[in-house]
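Working notes for the structure below.
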Amino acid sequence: MKREHGFTMLELLITIVILCILMGLAIPGFSSWLPKYRLRGAVRDIYSNLQYAKMVAVKDRARCGVLFDVANNQYRVVGSGPNRTFGDSDDVTLRTVLFSEYGSGVGYGHGSAGTALGADFGDNVTFDEDGVVFDSRGMIFKPSGAASGEGYAYLQNSKNNTYAAGAWSSGVIIMRRWTGSAWEQ
């Protein structure tokens, strides 16, 4: 008599039931984790694009900036173009990032961190003129060309988690997370 190898229908059914139970337990945890993951990705992208703009400015010996567009929930990395002068008609958009592509309600805002920031930080972007421009030394300026202090772009998601990416006047680029009571780097 020839013996056949394989699974019985009962073994297969029990395996499927166990997998369904495990998936039922895992999905709620995954769905609460996903919005925070997408928000961190968006903030890391701002951080990376600030670094990129600084690198392009130093490499090309020209100004390069990141311009935040709160009304359209996006930002752009803009190079100074062939004449190396920022803010005129030959500027080149190097990258455009739309927050809607991240999902989970990622966009500008303070979330629960807004009350801790005080009246001076009422904006979603605290860079003067809603942008930051790096010069060939890596220092930051306003898009109009005047010297600038530090600034941040604040992002939140549908769960009111809040992160910030910013630059200091020295050109140092940082990322922060709101813990519920304080900012941590």
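Please treat every number below as a calculation from the coordinates, not as lab data. All values reported here derive from a predicted model rather than from experimental measurement. Because the Cβ atoms are built from the backbone with ideal geometry, glycine has one as well, and the counts that use them run over all protein chains shown.
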Exercise for review: Give, as a single signed number, the net charge of other residues whose beta carbon lies under 14 Å from the beta carbon of T96, with Lys and Arg counted +1 and Asp and Glu -1.
Suggested key: -2
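So which trypsin sites (Lys or Arg not before Pro) in segment 1-43 end up in coil per DSSP with only 13 or fewer other C-beta atoms within 10 Å?
Hits after loop and neighbour filter: K2, R3.
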Revision key, fill the gap. The extension gain from R44 to V58, computed as 0.36 nm times the residue separation minus the Cα-Cα distance, is 2.9 nm
Revision key, fill the gap. Per the 1/(1 + (r/R0)^6) rule, R0 = 35 Å and r from the Cβ atoms of S181 and C20, FRET efficiency to 0.05 is 0.30
Point to revise | Top of L13, L22, L155 by mean-square fluctuation, Gaussian network on the chain, Cα under 10 Å | key: L13
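Just need the relative contact order of the chain here, percent rounded to a whole number, with Cα pairs under 8 Å and 6+ apart. It would help to have the intermediate numbers written out before the result.
Numbers: 347 pairs, mean separation 38.6, N = 185.
With pairs under 8 Å counted, the relative contact order is 21 percent.
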Review point. Roughly speaking, what is the stretch gain from E11 to L94, that is 0.36 nm per residue apart minus the C-alpha to C-alpha distance, in nm to one decimal?
Key: 24.2 nm
Point to revise | Compactness index (Cα Rg / 2.2 N^0.38 Å), segment 5-90 | key: 2.10
**Study point:** Max mean-square fluctuation residue, GNM over the chain, Cα-Cα springs under 10 Å, options S170, S48, S89
**Key:** S89
Revision key, fill the gap. Mean projected area (nm²) from the convex hull of Cα positions in the chain is 16.7 nm²
